[in-house]
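S.K.: Below you will find the structure I want to go over with you.
Nothing in this text is a laboratory measurement; each read-out follows from the coordinates by a stated rule. All figures in this text were calculated on a predicted structure; none of them were measured in a lab. As a convention, Cβ positions derive from the backbone with ideal geometry for all residues, glycine included, and neighbour counts pool all protein chains shown.
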Ligand SMILES: NC(=O)c1ccc[n+]([C@@H]2O[C@H](COP(=O)([O-])OP(=O)(O)OC[C@H]3O[C@@H](n4cnc5c(N)ncnc54)[C@H](O)[C@@H]3O)[C@@H](O)[C@H]2O)c1
């Protein structure tokens, strides 16, 4: 049975992954860690800096952890404010985890990549698993390098590192941490407080997105899949639905036609323009039965009902 650690547990994905895992009974023990002083949960939380190999190793050894979900990172938009800090956290924390896997201290790792590995030269529609990758952000560069290192460790040292290239994640209770698709979370909070929302992406900018419940389901499915079936040793393309800011605004106006939004694209527009519109996730579907349960409408309705807005 697994003894699990989520690193970066207090972020948008970690906070929901910890909730989902704590409701399951197919593992022995769940530990959370982050750089933050406290957890928002009442689960088993410890402050650990993923950049300290010694601290991470001691914590993992002391608690006999054998499965790690390594989520700590600086995301795409925030990452451009300090590209070298982004590279440092995203790469060196990953190297710490990879080293623990190589040493046999941990048996299985989940590490998320992102559609930010793609750039301007790949097909925008149904972007294939093995398309060109020329990321334009420090974040995307770190994710692409990370993917290649995961593959290298798996092939060279026989580690079991599994990864998904996530689209933008939509959730309702934890604000996202500085990504290019954050507008899709922020807009609901403006709507709730009856404030006008100014989108930092233009109205028609269409990007691949995924609802948090589907994202968590994908992580758990991939981690429970048979290793023999996994053909992708770097990171799996994953797709759910695609949408633009205008599409959400139209849905919100149907509920309250006084809701106001306008568009003031900033530096994040250039990042968004370099990303795919839609993703081909055939490998994930074939290798570990990936299937999204939330389309655009279902996602909007779920968020609205969770925020008690419908
Ligand atoms: N949210 C998305 O839309 C999205 C999309 C694609 C990929 N991802 C990836 O998923 C992962 C999680 O994303 P998220 O949205 O939850 O990010 P987030 O910014 O909300 O959370 C990251 C967490 O890592 C923690 N952290 C930072 N430095 C740390 C350190 N040195 N040691 C320990 N913890 C540290 C932060 O305090 C934060 O709680 C990231 O790797 C991200 O690149 C996210």
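S.K.: Taking N as the number of residues in region 23-70, what value does Rg over Cα atoms divided by 2.2 N^0.38 Å take? Write down the numbers at each step before the final one.
M.R.: Working: Rg = 11.2 Å, N = 48, 2.2 N^0.38 = 9.6 Å.
This ratio for region 23-70 stands at 1.16.
S.K.: Going 7 Å from the Cα of residue 145 in the Cα-to-Cβ direction, what parts of region 7-36 have a backbone nitrogen less than 12 Å from that spot?
M.R.: none
S.K.: Moving on to the next point. Output the relative contact order of region 133-281, whole-number percent, from Cα pairs under 8 angstrom with separation of 6+ residues. Walk me through the numbers before you get to the answer.
M.R.: Details: 200 pairs, mean separation 49.4, N = 149.
It rounds to 33 percent for region 133-281.
S.K.: Quick one: which of 205-214, 110-119 comes out on top by average Cβ neighbours within 10 Å, and what's the full order, highest first? Mind showing how you got there, number by number?
M.R.: Working: 205-214: 23.2, 110-119: 24.7.
Packing proxy ranking, top to bottom: 110-119, 205-214.
S.K.: Run through the DSSP bridge list for the chain and note the antiparallel percent, rounded to the nearest 5. Write down the numbers at each step before the final one.
M.R.: Working: 3 of 31 bridges.
In the chain, DSSP labels about 10 percent of beta bridges as antiparallel.
S.K.: For the pair residue 152 and residue 258, what calculated FRET efficiency results from E = 1/(1 + (r/R0)^6), where r is the Cβ-Cβ distance and R0 = 45 Å, to the nearest 0.05?
M.R.: My answer for the efficiency is 0.25.
S.K.: Quick one: if the Förster radius is 41 Å, what FRET efficiency do residue 95 and residue 192 give, using the C-beta to C-beta distance and rounding to 0.05? Each step should come with its number before you reach the end.
M.R.: Details: r = 41 Å, r/R0 = 0.99.
It comes to 0.50.
S.K.: With bins 10 Å wide starting at 0, give me the P(r) of the chain over every alpha carbon pair, in whole percents.
M.R.: The distribution over the chain is 6, 28, 36, 23, 6, 1, given as percents.
S.K.: Order 60-70, 160-170, 80-90 from most to least packed using the mean count of other Cβ atoms within 10 Å. Don't skip to the answer; put the middle values down first.
M.R.: Values: 60-70: 19.3, 160-170: 25.2, 80-90: 16.4.
Per-residue mean Cβ counts within 10 Å order the peptides as 160-170, 60-70, 80-90.
S.K.: Right, something else. Just check region 165-218 against the gyration tensor rule for me: Cα atoms, a ≥ b ≥ c as the square roots of the eigenvalues, rounded for a/c under 1.5, and otherwise prolate or oblate depending on whether a/b exceeds b/c.
M.R.: Values: a/c = 2.32, a/b = 1.38, b/c = 1.68.
Note, shape of region 165-218 comes out oblate.
S.K.: In nanometres, what is the gap between the two model label sites at residue 49 and residue 267, each 7 Å from Cα along Cα-to-Cβ?
M.R.: Taking the simple label geometry, residue 49 and residue 267 are separated by 2.5 nm.
S.K.: Can you tell me the alpha carbon radius of gyration of region 189-245 divided by the globular rule-of-thumb value 2.2 N^0.38 Å?
M.R.: Details: Rg = 16.7 Å, N = 57, 2.2 N^0.38 = 10.2 Å.
Normalised Rg, Cα atoms only: 1.64.
S.K.: Once fully extended, how much extra length lies between residue 203 and residue 228, figured as 0.36 nm per residue of separation less the alpha-carbon to alpha-carbon distance?
M.R.: Details: separation 25, 0.36 × 25 = 9.00 nm, distance 4.34 nm.
That pair, residue 203 and residue 228, stretches by 4.7 nm at full extension.
S.K.: What is the distance in Å between the Cα centroid of region 49-104 and that of region 237-310?
M.R.: Computed from Cα coordinates, the inter-centre distance equals 29 Å.
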